[in-house]
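Peer 1: Questions regarding the structure given below will be posed in turn.
The values are calculated or read from the model by the stated rules, or taken from the named source; none is laboratory data. Since the structure is predicted, the reported quantities are computational estimates derived from the model, not experimental observations. We place every Cβ from the backbone using ideal geometry, glycine too, and count neighbours over all the protein chains shown.
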Ligand SMILES: [Zn+2]
Ligand SMILES: [Zn+2]
């Protein structure tokens, strides 16, 4: 089958990759759409090291084309998406409903082969039916679930009136819409896509070079109740610290692979909460997309066939690109 193999240096487009063989509990999916994620870009840049060779791609949707002998919940022809993490089901974290921390977790497209390919195999238990959702929209289920998880880990309080979102990329624009669905005021600070943020419901958008701290202080008097960091650049943490009010919450969504220096005393005396979160609940994300309470069509910047994956990756690294999708 055709697949893009990452060899530790670059992507090789190859025709000779065997179609994955299924174990009894696994399902083969014909990939219909797969998004390029910041994680894929970090891996390709070399800042996130993974075992190679590997087929990347973990935000995908497709059609079930074959099922293992013991698979009972899905059928050939079903339209599906898959959770990224394959978990053991037996450890402390799996048994207590904290699957993201499974001690033997293996992520598809990172530690198992992913979906920059004609076919990908996943365990049956990872699958979710996407019903009638278009395949391109379904590639947003994974990042939308991650956006939802932000406020599962640090629920918004009734007294929280406003949320500042740093970054107007894919994740920032999804978090914005989740915030609006929760009825809070949303302020987006970014470099590009600010018109799009406005169109998607932001109450206020501020360009990063237009003194955002001063603007947010004018707007909130005491600072933001909640700041979500979704920029992908570590310096944004200093901005988050300057924007959040005392006893406020900073939610971290982007990974940087480097250390961040800060004055820890500030966190103590200002009684700040700093909360990380990763993947989230797929059923909630599917429901929001089906209800139309989150809009993702405007977030698709470009689509490419798998044969042009390098062009797609190059496009995805441009800051004005929100989301690039491969249609194998
Ligand atoms: Zn991703
Ligand atoms: Zn586990």
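Peer 1: Suppose the filter is more than 21 Å from residue 125 (Cβ to Cβ), touching a helix residue (DSSP H, G or I) at 6+ places or on another chain (Cβ under 9 Å), modelled with pLDDT of 95 or more and away from ligand 1 (no atom under 15 Å from the Cβ); does residue 11 pass it?
Peer 2: In short, yes.
Peer 1: Do we have residue 181 as touching a residue at least 60 places away in the same chain (Cβ under 8 Å), buried (at least 24 other Cβ atoms within 10 Å of the Cβ) and more than 16 Å from residue 227 (Cβ to Cβ) here?
Peer 2: So residue 181 does not fit the description; no.
Peer 1: For residue 84, state whether it is within 15 Å of ligand 1 (Cβ to nearest atom) and buried (at least 20 other Cβ atoms within 10 Å of the Cβ).
Peer 2: yes
For (1) closer than 17 Å to residue 175 by Cα; (2) under 21 Å from the mean Cα position of the chain (by Cα); (3) modelled with pLDDT under 95, each residue gets a yes or a no:
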| position | (1), (2), (3) |
| --- | --- |
| 223 | no, no, no |
| 228 | yes, yes, no |
| 259 | no, no, yes |
| 265 | no, no, no |
| 271 | no, no, no |
| 282 | yes, yes, no |
| 292 | yes, yes, no |
| 303 | no, yes, no |
| 308 | no, no, no |
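Peer 1: Does residue 170 satisfy the criteria of being within 16 Å of ligand 1 (Cβ to nearest atom) and either in contact with a helix residue (DSSP H, G or I) (Cβ under 8 Å, 6 or more places away or on another chain) or assigned by TED's automatic domain parsing to the domain that holds residue 34 (or both)? Before you say what the answer is, go through the steps one by one.
Peer 2: On the way: within 16 Å of ligand 1 (Cβ to nearest atom): yes; either in contact with a helix residue (DSSP H, G or I) (Cβ under 8 Å, 6 or more places away or on another chain) or assigned by TED's automatic domain parsing to the domain that holds residue 34 (or both): yes.
Yes.
Peer 1: What's the number of the only condition in (1) away from ligand 2 (no atom under 16 Å from the Cβ); (2) touching a helix residue (DSSP H, G or I) at 6+ places or on another chain (Cβ under 7 Å) that residue 25 fails to meet?
Peer 2: (1)
Peer 1: Just name the residue that is farthest from residue 318 (Cα to Cα) out of those in the stretch 223-238 that are without any contact (Cβ under 8 Å) to a residue 60 or more places away in the chain and outside any helix (DSSP H, G or I).
Peer 2: 223
Peer 1: Tell me which residues, restricted to the stretch 59-111, are in contact with a strand residue (DSSP E or B) (Cβ under 8 Å, 6 or more places away or on another chain), within 15 Å of ligand 2 (Cβ to nearest atom) and free of Cβ contacts under 8 Å to residues at least 40 places away in the same chain.
Peer 2: Those that are in contact with a strand residue (DSSP E or B) (Cβ under 8 Å, 6 or more places away or on another chain), within 15 Å of ligand 2 (Cβ to nearest atom) and free of Cβ contacts under 8 Å to residues at least 40 places away in the same chain: 99, 102, 105, 106.
Peer 1: Continuing with this model, one more query. Looking at the structure I just gave you, is residue 242 part of a helix (DSSP H, G or I), touching a helix residue (DSSP H, G or I) at 6+ places or on another chain (Cβ under 9 Å) and touching a residue at least 12 places away in the same chain (Cβ under 8 Å)? Full working, then the answer.
Peer 2: Working: part of a helix (DSSP H, G or I): yes; touching a helix residue (DSSP H, G or I) at 6+ places or on another chain (Cβ under 9 Å): yes; touching a residue at least 12 places away in the same chain (Cβ under 8 Å): yes.
So residue 242 passes the test.
Peer 1: Test residue 307 against the stated conditions and say whether it is closer than 30 Å to residue 34 by Cα and assigned by TED's automatic domain parsing to the domain that holds residue 10. Talk me through it step by step, then tell me what you get.
Peer 2: Values: closer than 30 Å to residue 34 by Cα: yes; assigned by TED's automatic domain parsing to the domain that holds residue 10: yes.
Here the answer is yes, as residue 307 does meet what is asked.
Peer 1: Let me ask something else about it. Considering every residue within the stretch 175-190, establish whether at least one is under 20 Å from residue 84 (Cα atoms) and outside the structural domain of residue 94 (by TED's automatic domain parsing).
Peer 2: Scanning the stretch 175-190, I find at least one residue that is under 20 Å from residue 84 (Cα atoms) and outside the structural domain of residue 94 (by TED's automatic domain parsing), so the answer is yes.
Peer 1: Oh, and also: Specify the residue that is surrounded by the most Cβ atoms within 10 Å (Cβ to Cβ); the eligible residues are those in the stretch 8-52 that are in a strand (DSSP E or B) and without any contact (Cβ under 8 Å) to a residue 60 or more places away in the chain.
Peer 2: Among residues in the stretch 8-52 that are in a strand (DSSP E or B) and without any contact (Cβ under 8 Å) to a residue 60 or more places away in the chain, the one surrounded by the most Cβ atoms within 10 Å (Cβ to Cβ) is 14.
Peer 1: Please go through the stretch 94-119 and give me each residue that is more than 16 Å from ligand 1 (Cβ to nearest atom) and surrounded by 24 or more Cβ atoms within 10 Å (Cβ to Cβ), ordered by number.
Peer 2: Correct list: 117 only.
Peer 1: If residue 122 meets every condition in (1) buried (at least 17 other Cβ atoms within 10 Å of the Cβ); (2) within 16 Å of ligand 1 (Cβ to nearest atom); (3) within 18 Å of the chain's Cα centre (by Cα) apart from one, which number is that one?
Peer 2: Result: residue 122 fails condition (3) only.
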